[in-house]
Amino acid sequence: MKFDQHFLIHGETADRIVSAAALRPGESVLEIGPGKGVLTERLLASGARVRAVEIDRSLAAALRERLGPAGLEVVEADFLRADLTTLGTPETVVSNLPYSVGTHMLRRLFAWPVWKRAVLMFQKEVARRVLALPGGKGYGLLALSTLIHADAEPVCDAPRVCFQPPPRVDSAVVLLFRREKPRLPEGVGEEGFFRVARAAFSQKRKMAAKSIASALGLPKEEVCAALEGCGVPRSARAEEIGPEAFGALARSLLGFDKI
């Protein structure tokens with residue numbers, strides 16, 4: 001299907017998404033991929049000022065004609081390639097994210113420090129990975145990225161029957177509250193943090209010490225000592241290491257001049 005479109009048609013799910021956004025009259029909202037406007041109508045009814053980014057030219061035109069008089073601004077663009085400075089400073093982001101690019105869009109949102117909260121729908125498996133905690137099923141780099149940038153909580157499930165045409169998988173909605181600053185130790189940047197995290201997760205079935213040592217070209221004993229210095233057993237696997245420990249590891253293994 002063009003642009004991986006599965007349009008939300010279930011009114012109760014749309015209502016729960018808008019309720020989770022907790023919008024105030026006059027609040028600036030960005031909707032990514034409004035489709036046929038089921039969510040858009042409800043966002044406008046809340047009194048919010050809505051700007052919608054739609055990649056499909058025909059859908060964008062239909063939305064302008066139908067909802068433009070109600071105060072909707074439609075931007076015809078691909079959010080992944082759009083100049084974000086042209087999209088204003090929305091307080092809230094709402095989206096039924098396309099399955100094929102949902103994680104890419106989330107990472108772009110994390111790199112865009114203007115919004116305060118976001119209500120996003122993902123493929124259910126992706127939502128589980130977004131919400132995963134250290135030691136839990138699905139915990140990995142996506143969960144780590146979420147943990148350092150936002151506080152996340154589940155909103156509701158959205159079975160495939162909520163969409164037209166129905167996708168092959170179910171969906172779930174996640175509420176995110178963006179942190180003013182990433183949850184990283186003083187002096188540790190995201191580049192160094194994820195360099196160490198990617199190394200740890202590069203061979204998930206192995207102990208993190210061995211994976212990190214191999215990927216970063218460091219002696220295994222040095223990595224083991226750094227792990228223990230961060231309060232992490234040398235036998236730990238990557239999925240058992242939390243964001244604070246990864247930050248401390250980055251500072252210990254890479255040094256301030258390399259972070």
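Considering every residue within region 69-84, establish whether at least one is in a loop (DSSP other than H, G, I, E, B), crowded, with 16+ Cβ neighbours inside 10 Å, under 18 Å from the mean Cα position of the chain (by Cα) and of a type outside the set (Gly, Ala, Ser).
Yes - at least one qualifying residue is present in region 69-84.
Among the candidates Lys137, Lys181, Lys124, single out the residue that is at pLDDT below 95, under 23 Å from Ala22 (Cα atoms) and out of contact with any Gly (no Cβ under 8 Å at 6 or more places or on another chain).
Just one listed residue meets the conditions, Lys181.
If we scan region 204-226, do we find a residue that is within 26 Å of the chain's Cα centre (by Cα), modelled with pLDDT under 95 and farther than 22 Å from Glu190 by Cβ?
So far as region 204-226 goes, yes, one or more of its residues are within 26 Å of the chain's Cα centre (by Cα), modelled with pLDDT under 95 and farther than 22 Å from Glu190 by Cβ.
Restricting to region 112-144, count the residues that are in contact (Cβ under 8 Å) with a residue 40 or more places away in the chain, under 27 Å from Gln5 (Cβ atoms) and either out of contact with any strand residue (DSSP E or B) (no Cβ under 6 Å at 6 or more places or on another chain) or not basic (Lys, Arg) (or both).
Adding up the residues that qualify gives 12.
Kindly indicate whether Arg198 is open to solvent by 30 Å² or more (accessible area, probe 1.4 Å) and in a helix (DSSP H, G or I).
When the stated conditions are applied, Arg198 passes them.
For region 224-239, which positions are touching a helix residue (DSSP H, G or I) at 6+ places or on another chain (Cβ under 9 Å) and within 15 Å of Ser252 (Cα to Cα)?
The answer is Cys224, Ala225, Ala226, Leu227, Gly229, Cys230, Gly231, Val232, Arg234.
Assuming Ile241 fulfils every condition listed in (1) under 17 Å from Gly135 (Cα atoms); (2) surrounded by fewer than 19 Cβ atoms within 10 Å (Cβ to Cβ) apart from one, which condition is it?
All conditions are met except number (2).
Would you confirm whether any residue within region 187-207 is among the polar types (S, T, N, Q) and touching a Lys or Arg at 6+ places or on another chain (Cβ under 8 Å)?
Scanning region 187-207, I find at least one residue that is among the polar types (S, T, N, Q) and touching a Lys or Arg at 6+ places or on another chain (Cβ under 8 Å), so the answer is yes.
Applying the selection to region 173-206, what residues are in contact with a strand residue (DSSP E or B) (Cβ under 6 Å, 6 or more places away or on another chain) and either within 17 Å of Arg237 (Cα to Cα) or hydrophobic (A, V, I, L, M, F, W, C) (or both)?
Val173, Val174, Leu175, Leu176, Phe177
Within region 4-33, how many residues turn out to be outside any helix (DSSP H, G or I), in contact (Cβ under 8 Å) with a residue 40 or more places away in the chain and either basic (Lys, Arg) or over 15 Å from Ser171 (Cα atoms) (or both)?
9
Residues that are open to solvent by less than 80 Å² (accessible area, probe 1.4 Å), of a type in the set (S, T, N, Q) and either assigned to a loop (DSSP other than H, G, I, E, B) or in contact (Cβ under 8 Å) with a residue 60 or more places away in the chain (or both): does region 209-226 have at least one?
Scanning region 209-226, I find no residue that is open to solvent by less than 80 Å² (accessible area, probe 1.4 Å), of a type in the set (S, T, N, Q) and either assigned to a loop (DSSP other than H, G, I, E, B) or in contact (Cβ under 8 Å) with a residue 60 or more places away in the chain (or both), so the answer is no.
May I ask you to list the residues in region 93-112 that are more than 17 Å from Phe177 (Cβ to Cβ) and either of a type in the set (Phe, Trp, Tyr) or open to solvent by less than 20 Å² (accessible area, probe 1.4 Å) (or both)?
Once the filter is applied, which keeps residues that are more than 17 Å from Phe177 (Cβ to Cβ) and either of a type in the set (Phe, Trp, Tyr) or open to solvent by less than 20 Å² (accessible area, probe 1.4 Å) (or both), region 93-112 yields Leu97, Tyr99, Gly102, Met105.
Which residue, of Arg64, Arg42, Arg49, is among the basic types (Lys, Arg), open to solvent by 40 Å² or more (accessible area, probe 1.4 Å) and touching a helix residue (DSSP H, G or I) at 6+ places or on another chain (Cβ under 7 Å)?
Arg42
Ser58 versus (1) at pLDDT 95 or above; (2) open to solvent by less than 30 Å² (accessible area, probe 1.4 Å); (3) among the small types (Gly, Ala, Ser): which is the lone unmet condition?
Only one criterion in (1) at pLDDT 95 or above; (2) open to solvent by less than 30 Å² (accessible area, probe 1.4 Å); (3) among the small types (Gly, Ala, Ser) is unmet by Ser58, namely (2).
The values are calculated or read from the model by the stated rules, or taken from the named source; none is laboratory data. Since we're looking at a predicted model, the values are computed, not measured. With ideal geometry, Cβ positions are generated from the backbone for all residues, glycine too; neighbour counts draw on all protein chains shown. All accessible areas refer to the heavy atoms of the entire protein, side chains included, with ligands and DNA or RNA removed. Shrake-Rupley method; radii C 1.70, N 1.55, O 1.52, S 1.80 Å.
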